[in-house]
Amino acid sequence: MRCPKCNYRKLHVIKSLDLSKAVKRKRECYKCGARIETIELFDPHGFKSDEPKINERLTRLELEIEDLKKNKDL
């Protein structure tokens, strides 16, 4: 995001306000001090869940642990 006044690339957030379907932020330019407000809308479809990937990794780790236990007993 660029400052609309001086076109500098770095703005920092001074204040955030969580709304029901959006986030309203006040930002300030590091260079000239100009302040702007932005509104970030949430995606109505949400984010894809990583739960299936996590469950798959967990299952693989559990199998590896069982194999290690079996090999340790030998």
Amide H partners (placed H, <5 Å) of Ala22, local residues excluded | Phe42
Could you pull out every one of the aspartates and glutamates with an alpha carbon less than 14 Å from that of Lys5, ignoring same-chain neighbours closer than 8 positions?
-> Glu28, Glu37
When all Cα-Cα pair distances of the chain are considered, the percent exceeding 22 Å is 57 percent
Please list 55-61, 22-28 highest first by mean number of surrounding beta-carbon atoms within 10 Å per residue.
-> 22-28, 55-61
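Values in this text are rule-based calculations from the coordinates and carry no lab data. Everything quoted here is computed from the prediction, not taken from an experiment. Using ideal geometry, Cβ is built from the backbone for each residue, glycine included, and neighbour counts are taken over all protein chains shown.
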